[in-house]
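Everything on this sheet refers to the single structure shown next.
The values are calculated or read from the model by the stated rules, or taken from the named source; none is laboratory data. No experiment lies behind these values; they were computed from the predicted model shown. Every residue, glycine as well, gets a Cβ built from its backbone with ideal geometry; the counts of neighbours run over all protein chains shown. Accessible surface is based on the protein model in full, side chains and every heavy atom, while ligands, DNA and RNA are left aside. Shrake-Rupley method; radii C 1.70, N 1.55, O 1.52, S 1.80 Å.
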Amino acid sequence: MRFLNSNKVVWNLTKLSVQKQSPNALIKLLPASYSTGKAGDGDSKAPQVPKQPKQELLKYHVLPLQETLDRFLLTVQPLLTPKEFKEQQKITENFKDNDGSKLQALLEAVGDTEKNWLAHRWLTNAYLKYRDPVTVYVSPGMTFPPQNFKDTNDYINYTATVIYGLGEFKKFVDDGKIPIVKMGKNELDNSQFGKVFGTCRIPKRIQDEIVYNPCSAYAVIIYKNNFFKLCMYDEDGEVLSSKVFADQIRGIMEEEKCVGIPYGILTTDNRDNWAEAYEQLNKSPVNAKAMKTIQGALFTVSLDECVAVEPKQQTTELILSLIHGGGSTVNAGNRWMDKTIQLVVNPNGNVGFTYEHSPAEGQPIAMMMDYVVKKMLDDPDYGKCGSDNCVCDPEKLKFAELNPCVEQWMFYAKRNVDALVKNLQMYVLKFKCYGKGFIKQQKLGPDSFVQIALQLAFYRMHKVPAAQYESAHLRIFENGRTETIRSCSNESVKFSIGMDNEKLDNATRIKLLREAVNSHQQYTRLALQGRGVDRHLLGLKLMAQENNLPIPEFYSSPGYTKSLHFRMSTSQVATLYDAFMGYGPATEDGYACCYNPREDDIILAISSWRKNMETDPLKFAAALEKAFSDMRDLLQTCPPPEKEKPKSKL
């Protein structure tokens, strides 16, 4: 199998992907490194994952308690009244001198014996013990550029080519060709690229499990709620051609005329309900075999029923179709939400990934999309160079006859996902007046600029500052996941108030804006170094739980609880294409906003809960659009400085 300039494509995409998150990153091309887990079911010769050279990655540290608590107080000050802050200082000091120091000693002892004391605890507590549905609450949608399929054949050929592209990208991961990036002197961990293919979450009571099958040789097609095993490789381990995949998909669609029982709808429910249903399903050997096959697939492909969409609503309906499938009467049953990678393709042109968040962050998924889209745009014949030697036809997976117990759980799942669909509001704002090009001309960081605009929009709408979450990767550490960037700062609040203070002149407003942006940039640098406050404080709390100690008063204090009530849950997932990521809000009275700042525009997916009367994504989008425009107009009244020095106390 030949790869047309694929090494260069992967190199460039890696460079673009990381530089958007980590300014001044240095890049070199070295083999990737990741854990392979168990081999999956293979009735053909799937590429075997080679042993990878060890990366030079940092051990995840335990910060000094004083450093974390000092920074914590700075981040909670803008959220508290002066009286509350004074009380919080006392509580924090008491915590440092008593319970905190004891828990710090326990955490340091754990940190001495583990390469990354956080990684497995984060997976367990942030994901596997989380009981709300992965639908909306955990799994984001990652869109592809919208398509305009001429007919069914066009739809099938496109889907087949994307499947081929995923197989090719998987081979790059297996061959260790994902470039290793350096941030400063430190390599960034590439292990997450090896944890997304063949991975699946398994529902269990109290705590889910996760299985890895990176050596799997097949994908699973989901069509009309039915499941089909699709061979990915020939006998020599080469990815099959897009023509072979197209013929197989066409055969499935021509032969399957009946809508199947929507077993996939069970995966959209809360984890305890799904665990009960899963246990009942698993009692049948026929069901157990079918589910094990789905779990072992490299990824699933949902061929959805066509949904009519108004042109003005297409982007919003696109992301919603990826997040929840539209409900039980639309495509929510045509999913297996436990799979890390679900490719969703609708004849109406809506295409994208639904991705289960447990094993990895968004970068591998976004880079995968970028890779496939670029290859398809650059080469009209992309995918045709694969192997034509298919070793097996698609196999329909069989389930046992539906029993009353599972049917009852299915009823609950349909009701619950329909309630979620009704409650979730989404609006996609495509701000076209400018993008990161203009922001960089002003000598400001695009990500920090967007974060401060979000703060301003929220403050104008709700008259209070919002605790604002943004994720920062911890990839300089082995198996590193994320740290929280606390975007709300004293500086961001001063700017939000000062922007509409008629007594201030423009020069003062610009000064406040630049100080707010610089403050965010400095916290981002700290977070990327693992020097935020949230993961350390979580570690201390977990030490209390693991050692059967009482949870200290500090964790119920106003500053701690208010600063964790993230009314703004945000992240940047950048791509060159007309694409974006979206997900549900973290709090009942808040918003989620995932954004893609491109050179000349900014795409933002904004969500909130319909049942909350204070929040509205459409109104927030209008406030955000005004914030962007006002900030541009303000900056244009004065030329950017030659060099800006950060002035944050962080």
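Along the Cα-to-Cβ line of LEU549, 7 Å from the Cα, sits a label point; which residues in region 98-132 have backbone N less than 16 Å from it? The answer is 98-112. Pull out a ≥ b ≥ c, the square roots of the eigenvalues of the alpha-carbon gyration tensor of region 336-466, then state rounded if a/c is under 1.5, prolate if not and a/b is larger than b/c, and oblate in the remaining case. Because a/c hits 1.5 or more and a/b fails to exceed b/c, region 336-466 counts as oblate.
Sequentially through region 116-126, phi angles give Karplus couplings (6.51, -1.76, 1.60; θ = phi - 60°) of 9, 5, 7, 3, 6, 5, 5, 4, 5, 7, 7 Hz, Gly and Pro residues having no value and appearing as x. With θ taken as phi - 60° and the Karplus curve 6.51 cos²θ - 1.76 cosθ + 1.60 applied, the whole-hertz 3J(HN,Hα) list for region 516-530 is 5, 5, 5, 4, 5, 4, 5, 5, 4, 4, 5, 4, 5, 8, x Hz, x standing for glycine and proline.
Give me the percent of the accessible area of region 222-299 that comes from carbon and sulfur atoms, probe 1.4 Å, all protein chains in place. All intermediate terms of the calculation are to be shown ahead of the outcome.
Numbers: 1370 of 2760 Å².
Accessible surface attributable to carbon and sulfur in region 222-299 totals 50 percent.
Computed from the Kirkwood radius of its Cα pairs, the Stokes-Einstein diffusion coefficient for region 199-343 at 10 °C and 1.306 mPa s stands at 97 µm²/s. Against the criterion of solvent-accessible heavy-atom surface with a 1.4 angstrom probe, HIS324, HIS357 sort, most first, into HIS357, HIS324.
Segment LYS396..GLU642, full-extension length gain: 82.1 nm, with 0.36 nm per residue of separation and the alpha-carbon distance subtracted.
Compared with the alpha-carbon gap, the fully stretched path from THR561 to ASP381 is longer by 59.3 nm at 0.36 nm per residue. For the chain, the relative contact order is 21 percent, taking Cα pairs closer than 8 Å that sit 6 or more residues apart in sequence and dividing their mean separation by the residue count. Region 114-166 and region 555-628 have Cα centres separated by 19 Å.
When each of the peptides 177-186, 277-286 is scored by how many other beta carbons lie within 10 Å of its residues on average, the order from highest to lowest is 177-186, 277-286. Applying both filters, DSSP loop and at most 16 other Cβ atoms within 10 Å, to the trypsin sites (Lys or Arg not before Pro) of region 610-642 gives ARG610, LYS611.
Here the Karplus curve 6.51 cos²θ - 1.76 cosθ + 1.60, taken at θ = phi - 60°, turns the phi angles of region 462-471 into couplings of 10, 6, 9, x, 10, 4, 10, 9, 9, 8 Hz, with x standing for Gly and Pro. In units of the compact-protein estimate 2.2 N^0.38 Å, region 298-399 shows a Cα radius of gyration of 1.21. Solvent-accessible area of region 507-587 (1.4 angstrom probe, protein heavy atoms only): carbon and sulfur portion equals 53 percent.
Sum -39500 (n - 2.57) across every DSSP H segment of at least 4 residues in the chain, then divide by the residue count to get the 222 nm mean residue ellipticity, nearest 500.
Here the helix-only value at 222 nm equals -13000 deg cm²/dmol.
Counting Lys +1, Arg +1, Asp -1, Glu -1, what net charge surrounds GLU478 among other residues with beta carbon under 9 Å of its beta carbon? Once positives and negatives cancel, what remains is +1.
Leaving out ligands and nucleic acids, and using a 1.4 Å probe, what accessible area per residue does the chain come to in Å²? Mind showing how you got there, number by number?
Details: 25870 Å² over 650 residues.
Value returned for the chain: 40 Å² of accessible area per residue.
Taking all Cα-Cα distances within the chain, those exceeding 47 Å account for 14%. Among residues other than LEU424 whose Cβ falls under 14 Å from its Cβ, what is the net charge (Lys/Arg +1, Asp/Glu -1)? Result for the neighbourhood of LEU424: -2.
Note on LYS102 and ASN282: their simple-model spin labels are 3.8 nm apart, each label 7 Å out from Cα toward Cβ.
Projecting the Cα positions of VAL406, CYS390, GLN441 onto the charge dipole of region 390-448 (unit charges on Cβ atoms of Lys, Arg, Asp and Glu, taken about the Cα centre) puts GLN441 furthest along the positive direction.
Subtract the Cα-Cα distance of VAL211 and LYS443 from 0.36 nm times their separation in residues, and report this length gain in nm to one decimal. Before the final figure, lay out each step's value.
Values: separation 232, 0.36 × 232 = 83.52 nm, distance 4.56 nm.
Here the segment from VAL211 to LYS443 would lengthen by 79.0 nm.
Tell me the angle of helix 617-635 to the major Cα principal axis of the chain, expressed in degrees between 0 and 90 and rounded to the nearest ten. Here the helix axis deviates by roughly 50 degrees. Shape of region 406-471 from the C-alpha gyration tensor: prolate (a/c of 1.5 or more and a/b above b/c, with a ≥ b ≥ c the square roots of its eigenvalues).
Report note on the peptides 83-94, 545-556, 196-207, 161-172: ranked by the mean count of other C-beta atoms within 10 Å, highest first, their order is 161-172, 196-207, 83-94, 545-556. Mind jotting down a quarter of the surface of the convex hull over the alpha carbons of region 416-528, in square nanometres, one decimal? Hull-based average projected area comes out at 10.1 nm².
Each Lys or Arg adds one and each Asp or Glu subtracts one; over the other residues with Cβ under 14 Å from the Cβ of LEU106, this totals -2.
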